[in-house]
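Trainee: Quick one: this structure, given as structure tokens, is what I'll be asking you about.
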Amino acid sequence: MQGIQGKAPRRIIVTGGAGFIGSNFVHWVIEHQPDVRVTVLDKLTYAGNRENLSGIPRDRMAFVQGDICDADLLEELFSQADAVVHFAAESHNDNSIADPEPFIRTNVEGTYRLLEAARKHDVRFHHISTDEVYGDLALDDPARFTEETPYRPSSPYSSTKAASDMLVRAWHRTYGVRATISNCSNNYGPRQHIEKFIPRQITNILCGIRPKLYGDGLNVRDWIHAEDHSSAVWAILSRGRLGETYLIGADGERSNGEVLRAILEGMGKAPDDFDWVRDRPGHDRRYAIDSTKLRRELGWRPCHTDFAEGLASTIAWYRENGAWWMAAKEAVEAKYARQGQ
Ligand SMILES: NC(=O)c1ccc[n+]([C@@H]2O[C@H](COP(=O)([O-])OP(=O)(O)OC[C@H]3O[C@@H](n4cnc5c(N)ncnc54)[C@H](O)[C@@H]3O)[C@@H](O)[C@H]2O)c1
């Protein structure tokens with residue numbers, strides 16, 4: 001659509017900056033973009049943690065606890081910003097199956113409120129989305145998702161993300177909001193909530209609980225380190241073409257079984273030291289990203305290309321930061337047990 005935007009933003013709002021990927025992005029910006037000042041807007045739901053932003057100097061970041069659906073608060077924050085990077089979401093598929101309502105509110109209504117604030121204050125808008133909007137691929141299908149793949153979301157979570165992507169496109173086309181969208185594959189790395197697949201298995205082993213593998217373990221995810229997601233988002237925010245969507249992926253296709261066996265190996269356990277559990281309803285079979293557009297147009301490349309190495313540092317992070325996750329462990333496992341998982 002429209003051409004390359006002007007100069008890189010200096011004052012950015014990061015919604016959901018106390019969550020997993022948002023906090024990794026804030027740390028990345030603080031380290032790599034010395035002229036940028038960040039305002040984190042985060043509601044601190046069960047998935048947000050103020051500790052995720054510890055160590056960041058006050059002159060580089062302000063933290064605002066608040067809801068992206070609060071139009072008055074957005075009015076105040078957007079009047080002082082050049083750009084918003086929108087990570088805030090209800091993000092866990094299993095939760096969306098149990099209770100879709102918070103997903104509709106935060107992911108759909110929240111994105112609408114942010115778009116309205118961006119429209120009013122002419123703030124550059126980057127929307128963080130997921131490859132799950134494209135549905136799934138068959139295991140034996142050589143295809144990968146591209147920016148042209150039709151939307152076919154399967155779960156309440158992915159359908160709300162798909163809806164939010166559509167709002168962003170419409171606000172760009174109808175009102176001229178200076179927006180871009182990125183759809184990224186599955187992230188791993190430090191500070192990911194232990195309800196998610198990789199940290200759940202790592203912390204199970206650390207607690208002496210046998211790891212759990214859904215269904216037949218053959219479902220394939222395309223893994224990317226959260227730091228590589230962050231550098232890609234910055235490339236799009238600062239140099240991407242307005243109105244465009246970019247897929248972010250690092251050629252990291254692996255089945256859940258392979259990932260679990262890599263975790264077991266990395267933690268000195270036997271490859272069969274886990275339990276099979278009931279599959280998730282509607283569980284997508286395979287995701288795979290073709291990120292040619294991002295690489296070709298913006299010259300982006302991932303740094304974490306050795307999965308075993310990225311996994312080892314992630315395992316080390318959970319081992320060294322027991323205080324960060326221990327308090328939530330019992331409740332997370334009790335919830336999975338109720339679902340037979
Ligand atoms: N985790 C992945 O592998 C992945 C992959 C692709 C895209 N994404 C997208 O990246 C984004 C971040 O995902 P994540 O895994 O870091 O999620 P997360 O659940 O770890 O973090 C979400 C953050 O948003 C905050 N939040 C939730 N509702 C809010 C509201 N109404 N107002 C303000 N803040 C609110 C939470 O407190 C939390 O800090 C999401 O938009 C998700 O769809 C995630």
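Trainee: I'd like to check something: does segment 190-200 contain any residue that is part of a helix (DSSP H, G or I) and either of a type in the set (Val, Ile, Thr) or under 24 Å from Ala162 (Cα atoms) (or both)? Outline the logic, then answer.
Mentor: Here is the first cut: in segment 190-200, the ones part of a helix (DSSP H, G or I) are 197-200.
Those left that are additionally either of a type in the set (Val, Ile, Thr) or under 24 Å from Ala162 (Cα atoms) (or both): 197-198.
Scanning segment 190-200 turns up at least one residue that is part of a helix (DSSP H, G or I) and either of a type in the set (Val, Ile, Thr) or under 24 Å from Ala162 (Cα atoms) (or both).
Trainee: Looking at segment 34-67 only, could you name the residues that are closer than 21 Å to Glu195 by Cβ and of a type outside the set (Asp, Glu)?
Mentor: Lys43, Leu44, Thr45, Tyr46, Ala47, Gly48, Asn49, Arg50, Asn52, Leu53
Trainee: May I ask you to list the residues in segment 85-117 that are surrounded by fewer than 24 Cβ atoms within 10 Å (Cβ to Cβ), of a type outside the set (A, V, I, L, M) and more than 8 Å from the ligand (Cβ to nearest atom)?
Mentor: Asn93, Asp94, Asn95, Ser96, Asp99, Pro100, Glu101, Glu109, Tyr112, Arg113, Glu116
Trainee: Something else: Being surrounded by 22 or more Cβ atoms within 10 Å (Cβ to Cβ), of a type in the set (Gly, Ala, Ser) and either at pLDDT 95 or above or touching a strand residue (DSSP E or B) at 6+ places or on another chain (Cβ under 7 Å) (or both): is that true of Ser182 here?
Mentor: Numbers: surrounded by 22 or more Cβ atoms within 10 Å (Cβ to Cβ): yes; of a type in the set (Gly, Ala, Ser): yes; either at pLDDT 95 or above or touching a strand residue (DSSP E or B) at 6+ places or on another chain (Cβ under 7 Å) (or both): yes.
Judged against the criteria, Ser182 is a match.
Trainee: Quick one: in segment 212-249, which of the residues that are part of a strand (DSSP E or B) and of a type in the set (A, V, I, L, M) is surrounded by the fewest Cβ atoms within 10 Å (Cβ to Cβ)?
Mentor: The qualifying residue surrounded by the fewest Cβ atoms within 10 Å (Cβ to Cβ) is Val220.
Trainee: Let me ask something else. Any idea which of (1) buried (at least 18 other Cβ atoms within 10 Å of the Cβ); (2) touching a residue at least 40 places away in the same chain (Cβ under 8 Å); (3) more than 9 Å from the ligand (Cβ to nearest atom) is the one Gln80 doesn't satisfy?
Mentor: The single condition Gln80 does not satisfy is (1).
Trainee: Any residue in segment 47-69 that is farther than 15 Å from Arg191 by Cβ sitting within a Cβ distance under 9 Å of a residue that is away from the ligand (no atom under 11 Å from the Cβ) and aromatic (Phe, Trp, Tyr)? List the pairs, counting only those 6 or more apart or interchain.
Mentor: These pairs meet every condition: Cys69/Tyr112.
Trainee: So which pairs qualify, if the first residue must be in segment 271-296 and farther than 15 Å from Gly135 by Cβ, the second must be aromatic (Phe, Trp, Tyr) and assigned to a loop (DSSP other than H, G, I, E, B), the Cβ gap must be under 6 Å, and the two must be at least 6 apart or on different chains?
Mentor: That search, which allows pairs on different chains as well, returns Leu294/Trp300.
Trainee: Across segment 294-335, which residue is modelled with the lowest pLDDT among those that are among the β-branched types (Val, Ile, Thr) and more than 25 Å from Ala235 (Cα to Cα)? Working first, answer last.
Mentor: First pass over segment 294-335, keeping only residues among the β-branched types (Val, Ile, Thr): 305, 314-315, 332.
In the following step, the residues that additionally are more than 25 Å from Ala235 (Cα to Cα) were identified as 315, 332.
Details: Ile315: 98, Val332: 95.
Selected residue: Val332.
Trainee: Looking only at residues in segment 118-152 that are within 16 Å of Phe87 (Cβ to Cβ) and among the aliphatic types (A, V, I, L, M), which one is nearest to the ligand (Cβ to nearest atom)?
Mentor: Initial filter on segment 118-152 (within 16 Å of Phe87 (Cβ to Cβ)): 118, 123-133.
This time we only want the ones that are among the aliphatic types (A, V, I, L, M), so: 118, 123, 128, 133.
Numbers: Ala118: 15, Val123: 17, Ile128: 5, Val133: 10 Å.
So, considering only residues that are within 16 Å of Phe87 (Cβ to Cβ) and among the aliphatic types (A, V, I, L, M), the one nearest to the ligand (Cβ to nearest atom) is Ile128.
Trainee: Can you find even one residue in segment 190-210 that is touching a Leu at 6+ places or on another chain (Cβ under 6 Å), farther than 21 Å from Glu253 by Cβ and of a type outside the set (Phe, Trp, Tyr)?
Mentor: no
Trainee: Of the residues in segment 174-222, how many are touching an Asp or Glu at 6+ places or on another chain (Cβ under 7 Å), within 11 Å of the ligand (Cβ to nearest atom), under 30 Å from His121 (Cα atoms) and polar (S, T, N, Q)?
Mentor: 1
Trainee: In the set Gly217, Gly243, which member is touching a helix residue (DSSP H, G or I) at 6+ places or on another chain (Cβ under 6 Å), under 14 Å from Arg261 (Cα atoms) and small (Gly, Ala, Ser)?
Mentor: On the way: Gly243 fails: under 14 Å from Arg261 (Cα atoms).
The match here is Gly217.
Trainee: Here are some conditions: (1) in contact with a Ser or Thr (Cβ under 9 Å, 6 or more places away or on another chain); (2) more than 27 Å from Gly240 (Cβ to Cβ); (3) among the charged types (D, E, K, R). Asp290 meets all but one. Which one does it not meet?
Mentor: It is condition (2) that Asp290 fails.
The values are calculated or read from the model by the stated rules, or taken from the named source; none is laboratory data. These numbers were taken from a predicted model, which means no experiment stands behind them. When we count neighbours, we look across all protein chains shown, and the Cβ atoms used for this are built from the backbone with ideal geometry, even at glycine.
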